[in-house]
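Only the coordinates and a few stated rules stand behind these numbers; no lab work does. For clarity, every value in this text was computed on a predicted model and none was experimentally measured. Using ideal geometry, Cβ is built from the backbone for each residue, glycine included, and neighbour counts are taken over all protein chains shown.
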There are 2 protein chains.
Amino acid sequence: MSQSESSADQVFVSTVLKSWDQWVGRASQFFESLSDEAMLTEIAPDKNRPIYLLGHLLVVNDYMIPQLRLGEANFAHLRPAFLESPDRAVAEIPPVAELRQDWKDLNARLAVLFSTLTPAEWLERHSAISEEDFALEPHRNRLAIFLSRVSHSAYHLGQLRMQPK
Amino acid sequence: MSQSESSADQVFVSTVLKSWDQWVGRASQFFESLSDEAMLTEIAPDKNRPIYLLGHLLVVNDYMIPQLRLGEANFAHLRPAFLESPDRAVAEIPPVAELRQDWKDLNARLAVLFSTLTPAEWLERHSAISEEDFALEPHRNRLAIFLSRVSHSAYHLGQLRMQPK
């Protein structure tokens, strides 16, 4: 591989990784800006509370780790409350402070994992597609999962920002 | 350039373009699902109406065309109402039917423009950075603008979906 081609692939990857930093970073800033009380106040009448969306983004982004074939999820035990059920359906959820720390821990772990992948590895299959199918559908790769999670984070950030001040 | 390297770049680009189809396609489906009356009904108390967000996404995505250095924007005349002002601040806005058609026309135009760019061209500078600065910051490229607009569309789709049925 020539220097310039290698460099172009690296720019593709670094550009894409910056979109994670941008949108997940904004979500982190938003959660940090909310008091624990505001975290427990619904965004709009009968809508989710920020604590639910924090837990939801936590488990969805955590689940990327097995989807990207990079290891085991850490927060699978929170999926019943924050992924498989709507807000308030599960009475027992962790305290706000614990979820805030989980979010920081997850983002630190993801940053390390993302940084280990080479451009070619980003284009390898994700875990939900077989090697046979992937040969026919090469866009079903790790990058596709990653991009979907960036925009999913933006999707919920848009909702979070609707909370009245 | 070997066949395999060329192919990897194409997969990067096709994967990224699919994220546009996914999120902007979902926004289009959502707008199509709303009656004209629902388009004029605010998402939540004192929040934007869907017609405003349709106009907002229209002008922001349209503005990508000059930002990507691919031509002139078509809907610059709508920026005062949908970008520079909040909802309802500008009394005279186009009818819903006209904005729906504008949205379709824009998306058809963007699809053609996106398909013309080679992988190397996606990594060229966007219009807001000089050639000198771009030499130092190669991630400030067309792809970065594009990814930002995908997630911006997802951001507002999240808000739109909060509208009570």
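Does a label point 7 Å from the Cα of A:Glu132, set along Cα-to-beta-carbon, have any residues of segment A:64-104 with amide nitrogen under 15 Å, and which are they? Answer for this model: none.
Peptide A:144-153 is shielded by partner chain Cβ atoms: per residue, an average of 5 of them sit within 10 Å of its Cβ. Specify the residue with the greatest mean-square fluctuation among A:Ser14, A:Ser130, A:Ser148, computed from a Gaussian network of chain A linking alpha-carbon atoms under 10 Å apart. Evaluated over chain A, the most mobile residue of the options is A:Ser130. Taking trypsin sites (Lys or Arg not before Pro) across segment A:1-96, the ones in a DSSP loop with at most 15 further Cβ atoms lying within 10 angstrom of their Cβ are A:Arg69, A:Arg88.
Using a 7 Å projection from Cα along Cα-to-Cβ, the label point at A:Pro164 is separated from the same position in the remaining copies by 1.4 nm, smallest value first. Our compactness index for segment A:45-115, the C-alpha radius of gyration over the empirical 2.2 N^0.38 Å, is 1.12. Figure legend: label point modelled 7 angstrom from the Cα of A:Asp105 along Cα→Cβ; no residues of segment A:35-51 have amide N under 13 Å from it.
Taking the square roots of 5 times each eigenvalue of the Cα gyration tensor of chain B, largest first, gives ellipsoid semi-axes of 32, 18, 13 Å. Each distinct pair of alpha carbons in segment A:106-146 adds a 1/r term; the inverse of their mean, the Kirkwood radius, is 10.8 Å.
Eigen-decomposition of the gyration tensor built on the alpha-carbon atoms of segment A:1-73 gives equivalent ellipsoid semi-axes of 35, 16, 9 angstrom, largest listed first. If you take all other residues with their beta carbon under 14 Å from the beta carbon of A:His139, and give Lys and Arg +1 and Asp and Glu -1, the sum is -1. In chain B, helical runs assigned H by DSSP with n ≥ 4 each contribute -39500 (n - 2.57); averaged across all residues and rounded to the nearest 500, the mean residue ellipticity at 222 nm is -20500 deg cm²/dmol.
For the Cα trace of the protein assembly as shown, dividing Rg by the Kirkwood Rh returns an Rg/Rh value of 0.97.
What longest range of chain A stays clear of loop-exposed GluC sites (Glu not before Pro) (DSSP non-H/G/I/E/B, at most 13 other C-beta within 10 angstrom)?
A:93-165
If R0 is 22 Å, the Cβ-Cβ spacing of A:Asp36 and A:Ala89 corresponds to a FRET efficiency of close to 0.55.
Projecting 7 Å from Cα along the Cα-to-Cβ direction, the label point of B:Ile129 sits 2.9 nm from its equivalents in the other copies, listed shortest first. Label point of A:Thr118 (7 Å along Cα→beta-carbon): distances to the other copies' equivalent points are 2.5 nm, sorted ascending. Among the residues of B:127-140, the average count of other protein chain beta-carbon atoms within 10 Å of the residue beta-carbon is 1.
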